[in-house]
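This report concerns only the one structure given below.
The values are calculated or read from the model by the stated rules, or taken from the named source; none is laboratory data. Keep in mind it's a predicted model, so treat the numbers as computed, not measured. Here the Cβ positions follow ideal geometry from the backbone for every residue, glycine too, while neighbour counts run over all protein chains shown.
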Amino acid sequence: MNETLLMIPGPTRVAPRVLKAMSENIVNHRSAVFGEIITETTEMMSEVFQTENQSYILTGSGTAAMEAALASVLDKGDKVLNIVGGKFGQRFMQIAEVHGAVPTELEVEWGHGVDPEDVKYILEEEDDIKAVTIVHNETSTGVTNPIEEVGKIVNDFDALYVVDTVSSLGGDDVFVDGYNIDICVTGSQKCLAAPPGMAAITLSEDAWKVVDKTPTSTYYLDMKRYRKSGSGTPPETPYTPSVSLMYAMREALYAVMEEGLESRVKRHQLAALATRNAIKAMGLELFAQPEVSSNTVTAIKMPEGVTDKELRGTMRDKYRIEMAGGQDHLKGNVFRIGHMGNITEREIITTIAALEMTLKGLELDICLGEGVAAAEEAYLID
């Protein structure tokens with residue numbers, strides 16, 4: 001049986017060398033040997049974040065890092081501006097609420113990016129906003145938000161800038177220090193192409209000052225504990241980490257370093273362009289506005305008269321290609337193609353060819369080969 005090709009916005013296909021790394025013998029997680037592994041992994045992580053700040057690896061999904069960020073800087077009653085234009089912007093706001101903060105929601109129409117001027121207006125009108133949260137890449141909508149521009153605005157106010165780069169880091173430009181980001185979080189299973197179950201977080205000096213003054217509302221995700229354990233000799237995690245996943249994370253970061261961040265981002269840009277060109281050549285409609293289209297996932301409106309089960313079911317069951325469906329009110333109305341991690345022209349062209357055959361089989365007016373040709377042209381022009 002052929003392996004199913006994952007063309008979803010995470011988890012992504014993991015390279016054999018990364019899987020092999022997990023087969024290494026387990027070592028004492030309090031040993032000097034593992035301390036060296038932690039050091040090497042976190043140093044590479046900071047390099048990918050493009051920051052001089054220390055990074056920390058958490059055993060948990062990207063959501064764990066999102067919660068660690070907010071639980072460490074928000075006290076009950078603190079005001080936070082949550083930019084919400086998709087499922088994961090909603091998640092940031094829900095985490096803030098769980099920890100007793102008072103959210104101000106900046107609602108952005110799904111499929112659109114946030115207007116930085118709207119952020120500026122709220123920060124000027126609302127007093128005492130302690131933090132601003134934004135999702136760089138909304139996988140639910142295929143939208144990339146302008147985190148650099150928003151960072152310039154937040155930098156003029158006394159608020160922490162908290163950015164989710166779970167589905168963009170390693171696939172799009174993320175410059176933590178250059179974008180004035182105070183807390184940046186990511187996950188292992190997206191553009192970094194490691195197995196699910198690990199997350200990473202980095203905090204600025206300004207963020208640490210707030211952490212030190214804020215009573216934490218979490219035990220396992222208390223960043224003060226991670227800083228204390230991480231600064232020891234040897235460095236440790238405060239609680240037992242997933243040793244095997246740490247091996248995998250290190251190996252995946254080796255691969256990122258070998259490819260080079262600039263080359264990796266360019267590869268993702270090209271995959272996104274090829275996918276969007278193919279979709280348009282097939283006569284399908286993209287969900288996200290063109291100027292904010294994601295490097296790592298493309299959301300496509302469901303063709304009229306076709307159900308999610310027919311389209312994605314055929315792709316999965318007949319052609320062994322897994323695509324993602326819509327979330328929340330977009331369920332059944334869009335489908336999503338993930339092009340992140342180790343994706344190359346081979347996977348993109350294979351997916352587009354199968355999608356053409358699927359739609360032709362569902363009796364849509366599709367000219368076989370036009371989508372594939374458009375994808376190929378994008379790669380040939382490059």
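Is it the case that some residue within region 24-45 is without any contact (Cβ under 8 Å) to a residue 60 or more places away in the chain, surrounded by fewer than 20 Cβ atoms within 10 Å (Cβ to Cβ), assigned to a loop (DSSP other than H, G, I, E, B) and of a type outside the set (A, V, I, L, M, F, W, C)?
Yes, the conditions are met somewhere in region 24-45.
Pick from region 166-189 the residues that are within 20 Å of Pro241 (Cα to Cα) and among the β-branched types (Val, Ile, Thr): which of them is nearest to the chain's Cα centre (by Cα)?
The extreme case among them is Val166.
Answer yes or no as to whether Met246 is outside the structural domain of Ala131 (by TED's automatic domain parsing), surrounded by 16 or more Cβ atoms within 10 Å (Cβ to Cβ), over 16 Å from the mean Cα position of the chain (by Cα) and over 27 Å from Val154 (Cβ atoms).
no
Under 7 Å by Cβ, and 6 or more places apart or on different chains, what pairs join a residue from region 266-285 that is in the same structural domain as Gly371 (by TED's automatic domain parsing) and in contact (Cβ under 8 Å) with a residue 40 or more places away in the chain with one that is acidic (Asp, Glu) and surrounded by 21 or more Cβ atoms within 10 Å (Cβ to Cβ)?
If the second residue must be acidic (Asp, Glu) and surrounded by 21 or more Cβ atoms within 10 Å (Cβ to Cβ), the pairs left are His268/Asp172; Met282/Glu356.
Out of all the residues in region 325-340, which are closer than 22 Å to Gly371 by Cα and out of contact with any helix residue (DSSP H, G or I) (no Cβ under 8 Å at 6 or more places or on another chain)?
Asn333, Val334, Arg336, Gly338
So Ala278 ticks every box in (1) crowded, with 22+ Cβ neighbours inside 10 Å; (2) in contact with a helix residue (DSSP H, G or I) (Cβ under 8 Å, 6 or more places away or on another chain); (3) closer than 24 Å to His136 by Cβ but one. Which box is left unticked?
With (1) crowded, with 22+ Cβ neighbours inside 10 Å; (2) in contact with a helix residue (DSSP H, G or I) (Cβ under 8 Å, 6 or more places away or on another chain); (3) closer than 24 Å to His136 by Cβ applied to Ala278, the lone miss is (3).
Across region 338-362, which residue is farthest from the chain's Cα centre (by Cα) among those that are crowded, with 24+ Cβ neighbours inside 10 Å and within 22 Å of Ala252 (Cα to Cα)?
Ile348
Kindly provide the set of residues from region 57-108 that are surrounded by fewer than 22 Cβ atoms within 10 Å (Cβ to Cβ), closer than 17 Å to Ser167 by Cα and in contact with a Leu (Cβ under 7 Å, 6 or more places away or on another chain), ordered by number.
Ala64
Can you report the number of residues in region 288-326 which are surrounded by fewer than 19 Cβ atoms within 10 Å (Cβ to Cβ), touching a strand residue (DSSP E or B) at 6+ places or on another chain (Cβ under 9 Å) and assigned to a loop (DSSP other than H, G, I, E, B)?
So the count comes out to 3.
Could you tell me how many of the residues in region 364-377 are part of a helix (DSSP H, G or I), among the small types (Gly, Ala, Ser) and surrounded by fewer than 20 Cβ atoms within 10 Å (Cβ to Cβ)?
1
Take region 63-97 and flag every residue that is among the aliphatic types (A, V, I, L, M) and over 22 Å from the mean Cα position of the chain (by Cα).
Residue satisfying the conditions is Leu74 alone.
Please state which one of Leu192, Leu221 is within 22 Å of the chain's Cα centre (by Cα), farther than 21 Å from Val297 by Cα and crowded, with 17+ Cβ neighbours inside 10 Å.
Result: Leu221 is the single residue among Leu192, Leu221 that is within 22 Å of the chain's Cα centre (by Cα), farther than 21 Å from Val297 by Cα and crowded, with 17+ Cβ neighbours inside 10 Å.
Enumerate the helices (runs of 4 or more DSSP H) found wholly within region 83-154, keeping only those where 3 or more residues are within 23 Å of Lys331 (Cβ to Cβ).
87-98
Please work out if Thr233 is modelled with pLDDT under 95, over 25 Å from Gly85 (Cβ atoms) and assigned by TED's automatic domain parsing to the domain that holds Met66.
When the stated conditions are applied, Thr233 does not pass them.
If we keep just the residues of region 298-338 that are touching a residue at least 40 places away in the same chain (Cβ under 8 Å) and among the acidic types (Asp, Glu), which is nearest to Gln269 (Cα to Cα)?
Filtering first and then ranking leaves Glu322.
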